[in-house]
Amino acid sequence: MAPSAEKTVKSVVTRYAGDATRLMDVLIDVQDELGFLSHETAGHIARTLGIPQVDVEQTVSFYHFFARAPRGTFAVYLNDSVVAEFYGRAEVAAAFEAAAGCRFGEVSADGVVGLFHTACIGMSDQEPAALINGQVFPKLTPAQARELVAGMRAGKTVAELKGETCGDGQNAHPLVRARVKNHVRRRGPTVFGDYRPGEALEKVVALSSAEVIAAVKSASVRGRGGAGFPTGMKWEFARRAPGDVKYVFCNADEGEPGTFKDRVILTERPQMVFEGMAIAAYAVGARQGILYVRNEYHYLRAYLEHVLADMRQQNWLGALIAGKAGFNFDVSIQFGAGAYVCGEESALIESAEGKRGEPRDRPPFPVEKGYLQKPTVVNNVETLCSVVKVMLHGPDWYNRLGTEQSKGTKVLCVSGDCDHSGIYEVEWGFSVNDVLKMAGARDVQAVQVGGPSGSCIGPDEFDRVLAYEDLATGGSFIVIGKHRDLLKDVVLNFARFFREESCGSCVPCRALTGMAQVVLERIIAGNGTAEDVERLQAWQKIMRHNRCGLGQTALNPIVTTIKNFRPLYEGRLSTGDPRFVPSFDLAAAVRDYDAATGKG
Ligand SMILES: Cc1cc2nc3c(=O)[nH]c(=O)nc-3n(C[C@H](O)[C@H](O)[C@H](O)COP(=O)(O)O)c2cc1C
Ligand code: SF4
């Protein structure tokens, strides 16, 4: 190893006090400085941290953004989400390849440009988008792709490539300066309504922790990360769990394709998120919190650190928060490195401990044994914002918003075939039609509600309402126009996504995500049979036995479209060609046997 690499590893490990649970941070920083993580570097990290090399290797190999070989001076990660494809991703990819002189998955011969595919990067409202050395380049055109490669070869820095133009709101903050847009189209009263940082905390410290939990329970706040688990109940479990050391995690992994609300909330309302974490900490008795953010949002790092520092200054974080004796709590930021499954709360905790993001067996649940085996609350970004408003205005105010069983508001991420993609904060109870109208969508064939793990519905269901009791959603709302090939452009893309993102621990998830993709491709190519369609549906039952929600929902795009768009499948099945029509003639198969035994 070159001495400079060795020195880099040593100084990075020292930055994290030689703590092996900070392995993710060590790897991210070392890769930042060296460009990639060779086996030699992994060995050096292992020795410096005092852990087996295999522990380092298995973490490195798990995450999409950790590279084992040089990725070029500029690593271009062009996302291949459904919406990116809708908006001309293929042409942009072709332009990058032609200009760079290499294919995706390769580095150009001069070592300047590396081209890589990646899953949805949380920019579905401004596609096609790419990450280049961690900076976001939204709304790319083939001409821009060519210009970018020329700039790279001309020796420009990534900041120079990005230029001076910034997006709206805090995207223009000196510590962000991103080309990203927020596109907040509708501000509801909870997340994007009036907000003065610290006000809710001042109210909270006048209450006991039991009273805070009672208020959250009485407001019926439910988790916005997708599962809708009652937040007050989760906090109660954590508060009652034995032990003095407890943790609060904020889940900003946001890997569900089509979702980008947490990115916008972290950009526009970071104080609210941290204030929500502090309220959770007060309620359960935690002193340390971790904001786990997907690597795709690394460009927000300096800004978020700045907000944290400011909140410490204001006495909203740190020791004696809001002057309350015994209320000590601080937050650190943990970045992921590209793995959808890390949004699953136990995988997220594993990842924060420096390991592969493989979901744990449950029980025990994180509220009993979570981060470092201590009771841990994991809440979504938006859930924590909701709690701030509950504490500020009271449960009755919150209960007046929404429906009978779904209180408050929901932040929707609308994208796809509509005029106004973006963020809409609506009360629960809005119908799909209401949202389509707001977003300027016409000639709609289908809507993918809740991302690929949700469901794909057709016009006959557009009067259904967004609510836990009807159409539950974590926020992703992808509009699919009539001109799209639903199976090829959408369902197949999602099938590939799940196959790629399965962590591989459970056999059904590992095997059937791949097999489902193959069968789907066969059907799309016109070589499928009616049995194939039945087979895909039957596999759904097996998938329910997988360990986590990824495997349990991985076939949803297929089975919900078979249910709601069956003619699209039937129209593509092979009918005439005997090669693709499985048949079994029992009488013919046993004819020899019958002849030999004198039966028949
Ligand atoms: C594959 C998978 C990915 C997930 N991704 C996220 C995510 O990005 N953000 C999130 O808050 N919850 C995600 N969840 C749900 C979390 O496991 C967990 O329920 C949630 O963070 C709890 O917070 P809440 O109660 O505030 O919703 C995911 C679950 C699965 C199975
Ligand atoms: S269901 Fe899939 S992603 Fe989840 S633990 Fe099993 S293999 Fe991993």
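The values are calculated or read from the model by the stated rules, or taken from the named source; none is laboratory data. For clarity, every value in this text was computed on a predicted model and none was experimentally measured. Cβ: placed from backbone, ideal geometry, glycine included. Neighbour counts: every protein chain shown. Ligands, DNA and RNA are stripped out before the accessible areas are found, and what is left, the full protein with its side chains, is counted by its heavy atoms. Shrake-Rupley method; radii C 1.70, N 1.55, O 1.52, S 1.80 Å.
Cross-link check: pairs 234/482; 246/410; 139/437 evaluated at a Cα-Cα cut-off of 32 Å; pairs beyond the cut-off: 234/482. Counted residue by residue at 0.36 nm each, then reduced by the alpha carbon distance between them, the extension gain from residue 324 to residue 90 reaches 78.6 nm.
Within the accessible surface of the range 185-399, defined with a 1.4 Å probe on protein heavy atoms only, the carbon and sulfur portion equals 48 percent. Since only 506, 37, 207 are under comparison, the one whose Cα sits farthest along the positive direction of the charge dipole of the chain, derived from C-beta charges on Lys, Arg, Asp and Glu, is 207. Stokes-Einstein diffusion of the range 409-484 at 20 °C, 1.002 mPa s viscosity, Kirkwood radius from Cα pairs, rounded to a whole number: 180 µm²/s. The orientation-averaged shadow of the Cα convex hull for the range 221-361, equal to a quarter of the hull surface, comes to 8.7 nm². Here is the tail figure for the range 342-445: Cα pairs spaced more than 16 Å apart come to 69 percent of all pairs. Using only side-chain charges placed at the Cβ, +1 for Lys and Arg and -1 for Asp and Glu, the dipole size of the range 185-399 relative to its Cα centre rounds to 220 debye.
Note on the range 3-62: with neighbouring protein chains present and a 1.4 Å probe, carbon and sulfur make up 53 percent of its accessible heavy-atom surface.
Taking N as the residue count of the range 126-187, its C-alpha radius of gyration divided by 2.2 N^0.38 Å amounts to 1.18. Here the convex hull built on the C-alpha positions of the chain has a volume of 194 cubic angstrom per residue.
Put a plus charge on the Cβ of each Lys and Arg, a minus charge on the Cβ of each Asp and Glu, and nothing anywhere else: the dipole of the chain about its Cα centre is then about 680 debye.
For the chain, 102, 120, 166, 250, 342, 385, 413, 418, 456, 503, 548 stand unpaired, since no other cysteine beta carbon lies under 4.7 Å from theirs.
Taking 1.002 mPa s as the viscosity and 20 °C as the temperature, the Stokes-Einstein diffusion coefficient of the range 487-578 based on its alpha-carbon Kirkwood radius rounds to 164 µm²/s. Size of the range 63-115 from its Cα atoms: along the principal axes, largest to smallest, the extents are 31, 28, 13 Å. With the highest mean first, a sort of the peptides 540-548, 183-191, 117-125 on other beta-carbon atoms found within 10 angstrom per residue produces 117-125, 183-191, 540-548. Taking every DSSP bridge with both residues inside the chain, close to 45 percent are antiparallel. Taking the accessible area of the range 74-164, probe 1.4 Å, and keeping the other protein chains in place, the carbon and sulfur fraction comes to 53%. In the range 185-399, Cα pairs under 8 Å separated by at least six residues give a relative contact order of 31 percent. The protection proxy used here, the mean number of other Cβ atoms lying within 10 Å of each residue, ranks peptides 277-288, 323-334 as follows, highest first: 277-288, 323-334. For the chain, calculate the relative contact order in percent as a whole number, restricting contacts to Cα pairs under 8 Å that are 6 or more residues apart. Computed over the chain, the figure is 12 percent. For residue 424, what is the net charge nearby, where nearby means another residue's Cβ is under 12 Å from its Cβ and Lys, Arg count +1, Asp, Glu -1? Cβ neighbours under 12 Å give a net charge of +2.
Here's the list of lysines a cross-link from residue 203 could span, going by alpha-carbon distance under 19 Å and ignoring same-chain residues fewer than 8 apart: 217, 324, 389. Taking all protein chains into account, the per residue accessible area for the range 3-62 stands at 46 Å² (1.4 Å probe). Computed over protein heavy atoms with a 1.4 Å probe, the accessible surface of the range 74-164 works out to 37 Å² per residue. Taking the charge dipole of the chain about its Cα centre, with +1 at Lys and Arg Cβ atoms and -1 at Asp and Glu Cβ atoms, the residue from 124, 289, 518 reaching farthest to the positive side is 289. Centroid-to-centroid, using Cα positions, the range 226-247 and the range 349-404 are 7 Å apart.
Here is the P(r) of the range 3-62: all C-alpha pair distances, binned every 10 Å from 0, give 26, 65, 9 in whole percents.
With a simple spin-label model that places each label point 7 Å from the Cα along the Cα-to-Cβ direction, the separation between residue 196 and residue 419 comes to 3.9 nm. For residue 160 and residue 404, the difference between the fully extended length at 0.36 nm per residue and the C-alpha to C-alpha distance is 82.6 nm.
If R0 is 41 Å, the Cβ-Cβ spacing of residue 4 and residue 544 corresponds to a FRET efficiency of close to 0.20.
Accessible area per residue for the range 487-578, computed on protein heavy atoms with a 1.4 Å probe, is 44 Å². Spin-label pair residue 117-residue 530: with each label point 7 Å from Cα along the Cα-Cβ axis, the two points sit 3.4 nm from one another. The residues packed around residue 89, meaning those with a beta-carbon under 12 Å from its beta-carbon, carry a net charge of -4 if Lys and Arg are +1 and Asp and Glu are -1. The smallest convex shape that holds all Cα atoms of the range 142-293, its convex hull, gives 161 Å³ per residue.
For the range 99-159, how big is Rg over Rh, using alpha carbon atoms and the Kirkwood form of Rh? The Rg/Rh ratio comes out at 0.94.
Above 25 Å, the calculated P(r) of the range 70-175 contains 14 percent of its Cα-Cα pairs.
With N as its number of residues, the range 1-137 has a Cα radius of gyration that, divided by 2.2 N^0.38 Å, comes to 1.17.
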